[in-house]
Amino acid sequence: MGCCITRIEPESLPVGVIRERRCQDVFFLILFLVFTAGMAYVAVQAGQKGNLQLVTHGRDMYGNMCGINNIGGGFIPQTWSNNSRDMTSLPYLYWPNPLDTSIQLCVSECPQNTEVVDFSEYICYYHTNASLQQFLSGNCWPPYKAEPVINLGSVNTTTNVTVSTSNSTTSNNTTPGNNSTTNGTTTISNNNGTNSGFFHNFNGKQLVAQVLSDLVISWRWIALCVGGAVVAAFIWIILMRFFAGLIVYSTILLVYGGLITLVVFLWLFLRSRQATYDATPSENRLNADHRNLILMKIVTYGLTAIVAILVLLLLWLFKRIRLAVGIIKEASRAVVSSPSILFLPFSTIIALAIFGAYWIAVAVLLATSGQAVFSQTGMLRGYNTDNITEGLQFYHLFGLFWYWQLFIAIEQTAIAGVVGIWYWTPDIPWFPLIPSIWRIIRYHFGSLAFGSFIIALIKMIRFILKWLQSRLKGAQAGWLKCLLRALDCFFAVLERCLKYLSEKAYIMIAIKGESFCSSAQRAFHLILNNILRVGAVGVISTILLFLGKLAVTGGITALGVWLVSRDASVHYVVVPCLMIGLLSFFIASSFMDVYHIAIDTILLSFCEDCESNDGSAQRPYYMSDALLNFVDTANKHNTNHTTMVKPYTEGDS
């Protein structure tokens with residue numbers, strides 16, 4: 001990665017995979033390294049300024065941290081130092097009044113039930129003795145059952161508490177329940193008067209335990225189905241080599257057959273309605289019937305015209321559709337010949353998960369680096385973040401976008417490198433994924449950093465636009481809101497276009513070894529000159545990949561339902577089946593994404609092969625004999641075409 005840049009002119013590049021390469025886009029490589037150093041600086045600043053105790057320990061309404069001795073700790077300003085308390089024995093934050101969440105107190109333990117036998121069990125302000133008078137004054141509240149969550153009492157949703165004594169009855173909207181009172185003893189139940197049925201027996205903790213136990217019990221079936229999903233996705237790719245045409249043509253036949261049937265039905269229905277309207281005496285005809293008849297004619301004529309255009313388009317693009325099927329079959333051969341690339345997405349996911357965990361940790365530290373703000377009465381109002389910290393947060397967010405896109409770019413380029421070698425040379429290395437990744441790290445890391453930087457920048461702009469829209473909620477600047485929405489829409493379309501072009505540029509980088517801009521220009525040139533081929537292959541491959549995801553997910557989920565339903569120890573069959581469905585879809589999507597890159601690589605290689613060669617002995621085709629039948633007649637200079645490949649040696653990588 002340390003060599004200097006030398007631009008390779010496109011006309012000087014030989015056909016096929018370039019073996020002698022130089023470092024490209026070194027400026028963006030250096031920029032990425034500097035940015036990475038900045039990310040490290042952000043992490044150091046977050047560690048110094050952040051306070052994880054704000055995450056692991058609650059903070060009461062006075063600013064004290066629960067479970068910590070706050071006296072002299074600097075958590076509360078000197079002006080309100082008299083509010084500092086030793087909360088070592090009170091580790092849990094509790095909201096005694098769910099209707100007023102500004103009241104937050106530290107407690108020794110979360111209440112275990114909502115049945116109160118005397119007022120001594122009420123939750124009160126500090127230094128306040130629980131009594132009926134304090135309850136009536138709003139200084140005490142009856143407890144409700146809660147569970148500890150990271151030192152925070154998780155609040156049950158509660159309404160309508162009625163407290164009865166022998167002398168008085170008071171209602172307060174804090175806890176649900178019906179009451180029975182004897183001699184001044186207050187009992188609060190939490191069943192809303194329901195003595196039987198599901199809701200009476202419902203226990204959230206028990207439900208969670210049963211769900212987790214179902215997953216543990218079904219782990220064998222889940223693992224079996226996950227393995228089955230991997231096998232099924234691989235089999236689907238193999239089947240595409242032999243039955244892609246059958247699937248494509250069957251799908252086209254069903255779609256066009258359905259459209260033609262719909263048109264025929266509309267014409268028959270229109271004829272029936274027209275006959276009924278004509279048979280009706282003119283004095284009995286309603287204006288609504290006339291309008292409905294005109295509207296039906298518009299719909300019928302319009303749909304007939306659309307179907308006719310689609311039929312003509314199908315006839316015009318029939319050869320391109322056959323080409324799409326051929327390229328899909330070739331992509332299947334390429335993937336099957338190098339099955340290691342199918343598991344590359346899983347490595348990418350692991351890398352993203354590790355980086356995501358790091359990013360979240362730093363983001364949490366940055367979020368806890370603000371200064372606490374207190375009201376004039378000493379109550380904690382919130383936290384203020386200075387401009388420097390806000391800048392670090394935006395910098396850190398941009399790092400998430402950039403790194404995320406870079407990981408995806410590396411994966412796509414590595415796959416394209418393997419498939420490109422397969423297309424342009426038969427001399428494939430034993431494990432082609434390793435030299436493909438090595439070329440990326442050695443020569444093209446700067447180019448991928450450049451491409452991912454562009455997408456990350458667009459995402460950052462869209463985030464800022466959405467952030468500005470959220471800040472304008474409730475404001476009267478309607479024209480400004482409209483402008484921000486229009487800009488967001490524009491950048492959303494721009495992001496999609498740049499993602500598509502970047503993906504094709506990564507393919508050309510893997511094959512030609514040029515810079516990002518040169519590769520994007522070359523890819524755009526190929527797409528523009530072969531727009532019908534690219535469009536047909538794009539539509540057909542999208543349909544096939546969708547059918548593949550649907551087939552793998554549906555089939556494996558059905559298998560999971562059959563296996564899990566036979567196990568009588570499972571409480572909720574839907575839980576492990578849902579897990580099986582999600583994992584199957586994830587695996588199918590990972591395999592199909594690899595297949596998608598392989599198809600695009602074969603397509604662009606085929607287009608370049610057609611433009612650069614003519615099948616003569618001097619300029620032989622690199623494509624297989626299966627694809628040779630789809631070469632345009634204009635490129636056929638003689639009846640005896642020559643196909644020849646340039647040897648590839650791993651040492652040249």
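Annotation: of all residues in the range 527-543 being crowded, with 23+ Cβ neighbours inside 10 Å and not basic (K, R), the one that is farthest from I454 (Cα to Cα) is I540. The set of residues in the range 91-104 being touching a residue at least 12 places away in the same chain (Cβ under 8 Å) and closer than 19 Å to V55 by Cβ consists of P91, Y92, L93, Y94, W95, Q104.
Contact annotation: residue pairs with Cβ atoms under 9 Å, 6 or more positions apart or on different chains, pairing a residue in the range 357-381 that is more than 21 Å from T101 (Cβ to Cβ) with a partner that is at pLDDT 80 or above and of a type in the set (V, I, T), are V362/V42; L366/V42; L366/T389; S369/T389. Within the range 564-587, the residues that satisfy the criterion of being surrounded by fewer than 19 Cβ atoms within 10 Å (Cβ to Cβ) and either of a type in the set (D, E) or within 19 Å of A233 (Cβ to Cβ) (or both) are D567, L582, F585, F586. Among the numbered conditions (1) assigned to a helix (DSSP H, G or I); (2) of a type in the set (S, T, Y); (3) out of contact with any Ser or Thr (no Cβ under 8 Å at 6 or more places or on another chain), the only one that S569 does not meet is (1). No other residue among L344, L380 is surrounded by 15 or more Cβ atoms within 10 Å (Cβ to Cβ) and out of contact with any helix residue (DSSP H, G or I) (no Cβ under 9 Å at 6 or more places or on another chain) apart from L380.
For the range 600-622, the criterion of being among the hydrophobic types (A, V, I, L, M, F, W, C), under 25 Å from the mean Cα position of the chain (by Cα) and either assigned to a helix (DSSP H, G or I) or not assigned by TED's automatic domain parsing to the domain that holds F524 (or both) is satisfied by no residue at all.
Does at least one position in the range 43-57 carry a residue that is over 34 Å from the mean Cα position of the chain (by Cα), within 30 Å of S81 (Cβ to Cβ), buried (at least 18 other Cβ atoms within 10 Å of the Cβ) and modelled with pLDDT of 75 or more? No, that holds for no residue. For beta carbons closer than 6 Å, sequence separation of 6+ or different chains, a first residue in the range 60-79 that is closer than 13 Å to L105 by Cβ and a second that is buried (at least 19 other Cβ atoms within 10 Å of the Cβ) and among the small types (G, A, S), the qualifying pairs are C66/G58. Could you say whether any residue in the range 480-496 is closer than 26 Å to V419 by Cβ, in the same structural domain as W236 (by TED's automatic domain parsing) and not aromatic (F, W, Y)? Yes, the conditions are met somewhere in the range 480-496.
Checking the structure you have, find out if any residue of the range 568-591 is modelled with pLDDT under 80 and of a type in the set (S, T, N, Q). Yes, the range 568-591 has at least one match. Look at (1) in a helix (DSSP H, G or I); (2) at pLDDT below 95; (3) over 22 Å from the mean Cα position of the chain (by Cα) and you find that F450 fails only one, number (2). Pairs meeting the criteria (first residue in the range 261-290 and assigned by TED's automatic domain parsing to the domain that holds Y301, second residue among the basic types (K, R) and part of a loop (DSSP other than H, G, I, E, B), beta carbons under 8 Å, at least 6 apart or on different chains) are Y277/R285.
State the number of residues belonging to the range 58-94 that are in a helix (DSSP H, G or I) and surrounded by 15 or more Cβ atoms within 10 Å (Cβ to Cβ). Talk me through it step by step, then tell me what you get.
Just the residues of the range 58-94 that are in a helix (DSSP H, G or I), to begin with: 78-83.
Okay, now just the ones that are also surrounded by 15 or more Cβ atoms within 10 Å (Cβ to Cβ), so 80, 83.
Going through the range 58-94 one residue at a time, the tally reaches 2.
Going residue by residue through the range 293-306, is there one that turns out to be in contact (Cβ under 8 Å) with a residue 40 or more places away in the chain and surrounded by 13 or more Cβ atoms within 10 Å (Cβ to Cβ)? Checked the range 293-306: at least one residue is in contact (Cβ under 8 Å) with a residue 40 or more places away in the chain and surrounded by 13 or more Cβ atoms within 10 Å (Cβ to Cβ).
Taking every residue in the range 314-326 that is assigned by TED's automatic domain parsing to the domain that holds R533 and pairing it with any residue that is of a type in the set (D, E, K, R) and in a helix (DSSP H, G or I), at least 6 positions away or on another chain, the pairs with Cβ-Cβ distances below 7 Å are R320/R533; L323/R533.
Among F490, F546, F524, which is the only one that is within 26 Å of the chain's Cα centre (by Cα), loosely packed, with under 15 Cβ neighbours inside 10 Å, part of a helix (DSSP H, G or I) and at pLDDT 90 or above? Checking each option against the conditions leaves just F490. Against the definition (assigned to a helix (DSSP H, G or I), in the same structural domain as L246 (by TED's automatic domain parsing), among the hydrophobic types (A, V, I, L, M, F, W, C) and surrounded by fewer than 23 Cβ atoms within 10 Å (Cβ to Cβ)), how does V561 come out, yes or no? Against the criterion (assigned to a helix (DSSP H, G or I), in the same structural domain as L246 (by TED's automatic domain parsing), among the hydrophobic types (A, V, I, L, M, F, W, C) and surrounded by fewer than 23 Cβ atoms within 10 Å (Cβ to Cβ)), V561 qualifies.
The values are calculated or read from the model by the stated rules, or taken from the named source; none is laboratory data. It should be emphasised that the depicted structure is a prediction, and the values quoted were computed from it without experimental measurement. Positions of Cβ are backbone-derived with ideal geometry, glycine not excepted, and every protein chain shown enters the neighbour counts.
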